[in-house]
1. Search segment A:51-71 for residues being surrounded by fewer than 20 Cβ atoms within 10 Å (Cβ to Cβ) and among the charged types (D, E, K, R), and hand back the single one that is farthest from the other protein chains (Cβ to nearest Cβ).
2. Look through segment B:152-167, keep the residues that are crowded, with 19+ Cβ neighbours inside 10 Å and aliphatic (A, V, I, L, M), and return whichever of them is farthest from B:Arg84 (Cα to Cα).
3. Is one or more of the residues making up segment B:133-141 small (Gly, Ala, Ser), away from chain A (no Cβ under 12 Å) and in a loop (DSSP other than H, G, I, E, B)?
4. Select from segment B:190-211 the residues that are within 18 Å of B:Asp50 (Cβ to Cβ), surrounded by fewer than 20 Cβ atoms within 10 Å (Cβ to Cβ) and either among the β-branched types (Val, Ile, Thr) or in contact with a Gly (Cβ under 8 Å, 6 or more places away or on another chain) (or both) and list them in ascending order.
5. Would you pick out the residues in segment A:100-110 that are in contact with a helix residue (DSSP H, G or I) (Cβ under 8 Å, 6 or more places away or on another chain) and more than 7 Å from every other protein chain (Cβ to nearest Cβ)?
6. Given the conditions (1) assigned to a loop (DSSP other than H, G, I, E, B); (2) touching a residue at least 12 places away in the same chain (Cβ under 8 Å); (3) within 30 Å of A:Ile171 (Cβ to Cβ), report the number of the one that B:Leu167 does not fulfil.
7. Pick from segment B:142-167 the residues that are facing chain A (nearest Cβ under 7 Å) and of a type in the set (A, V, I, L, M, F, W, C): which of them is nearest to A:Ser160 (Cα to Cα)?
8. Would you confirm, using the coordinates I've provided, whether A:Ala180 is small (Gly, Ala, Ser) and assigned to a helix (DSSP H, G or I)?
Amino acid sequence: MSGEDANAAAAAIEFRKVVKRFLHQDRREESFLAVDRLSFEVAPGEMVAVLGRTGCGKSTMFNLLAGLLEPTEGEVRVLGHDPFREFDWFRGKVAVVFQNDRLMPWRTAVENVELGIELAGKNAEERRKIALGWLDRLGLKGHEHDYPHALSGGMRQRVSLARAFAVNPEILLCDEPFSALDELTGQRLREEYAQLVRENDKTSIFVTHSINEALQLGERILVFHRPAQIALEAKVAGGDREAIRQRVLAAMNLRDAEAEAAA
Amino acid sequence: MKPWYQLRKETVLGLGALVLVWQIASYFFPVYLFPPVPAIAEKFLEIFLDQESLANAGATAARIFAGLTAAFLLGVVLAFVMGRSERSYRYVYPLLNFIQGVPALSWVVIAIIWFKGTEPRILFIMTATTLPAFSFQILDAYRAMSKDLFEMTLSFRPSKRDLFRTLILPTIVPGMLTAWKVNLGNASRVVVVAELVGATGGIGYQLLMQQQLFDMAGALAWTLVLVAFVLLVQQVITRLEGWLLAYRPSTERSA
């Protein structure tokens, strides 16, 4: 096993003192610090929930992880590789579920699910079989040939989940995918999501601003404060959930109070 | 959308009224000003029954297609160059804006001086007059591409070819079809001017002949041929649009 492979086996995801600054659009010389020396690791097969208030840099961290942004400083490693510089290497290995369903309106449900596998190079027959299987599994049998506008919000988000799982990725990244759904639909999809991740042994990072969602979907919770830095790391599995909830709440409030005092 | 053969009652009545007014006018004015409607219809049918006349109409159609295709292909390239690079946009956009401001007749004069043969002249005129609209409309469609869909597609790590095929092309198709519909009308007007000045065949040349013969019925018949051609192609594009954009939701209530 090479050193790189050994590293990948040790941590599926690794952030090492990552900094991300954005230039203000109108004032090019000034910058906005979104992520500040962020370091954490996620083990293979682990489900981690990233929790933080709006604007704390969760989505920036998410985009760094997805390889859509390049760190200003520090290093991001996913499966031992750089997601931004080695962009193509991750084809078929990482899938993302976004806050909104992001379905292509010109593709039917089944064609949307096929997108990732199509881009990974699978032939038409095989990808149709996989896509239909996932739609069936997520309760969308009978809606395979519906266009997104004909589906409800919950059904569309199910299609986007199917699209991500259909790739059979090693790593699954989710950015508040159920936040726009009603409570009942959101709860049902959270349960389905957790079951699918466990059954398929995926490494998963789930970004959310809901403590309940983090407790339900994370074996470990990382609480972020602004700019993105870890305020608290709490192991959920086997722990007292109420005690963890109080610690998480305290961490979020404490950091907010510190930030206000500093301002 | 109604099929082409199911014309609205209002359309039939409106056009019928025009025909009627024209026919009444023909009773009070000389034939060279207002020829009777049956005479125009007869000339119109003669065009379709005479091979040489049909060849003239075909030549014009071919010139319109050739000019629009050249402008479309060049327009797509320029739209992508501008869309992908802000620096290129700053250079190319003012040039296209300038080209758009040049009158069609000026392009005709320039083409006559620059080119020797009829066909290169007409191709040049057609391309120059329709290129800016193609470029701007395709650029607008490209820029209106959803950032969310772009990021989602990128998250699957597509090759550049796959990104174009799966996201960019379906995004710009509606803009392309609109550009074709708009430019078809422009092209049909410009081609007649170009043929009128420098060609020895085609609908524009035939119009020139009718003018020299003082034959209003012939002039109107040839004009109707061009209008019929434009309406027919627009119907084809509308059908294509209906098929390609079938995924769009429709509502029972109009705005």
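The values are calculated or read from the model by the stated rules, or taken from the named source; none is laboratory data. On a predicted model such as this, the values are computed, not experimentally measured, just so you know. Note that each Cβ is placed from the backbone with ideal geometry, even for glycine, and that neighbours are counted across all protein chains shown.
1. The extreme case among them is A:Arg53.
2. Residue satisfying both the conditions and the ranking: B:Met152.
3. Within segment B:133-141, none of the residues are small (Gly, Ala, Ser), away from chain A (no Cβ under 12 Å) and in a loop (DSSP other than H, G, I, E, B).
4. B:Thr200, B:Met209, B:Gln210
5. Once the filter is applied, which keeps residues that are in contact with a helix residue (DSSP H, G or I) (Cβ under 8 Å, 6 or more places away or on another chain) and more than 7 Å from every other protein chain (Cβ to nearest Cβ), segment A:100-110 yields A:Asp101, A:Leu103, A:Arg107, A:Ala109, A:Val110.
6. Against the list (1) assigned to a loop (DSSP other than H, G, I, E, B); (2) touching a residue at least 12 places away in the same chain (Cβ under 8 Å); (3) within 30 Å of A:Ile171 (Cβ to Cβ), B:Leu167 comes up short only on (1).
7. Across segment B:142-167, the extreme among qualifying residues is B:Met152.
8. no
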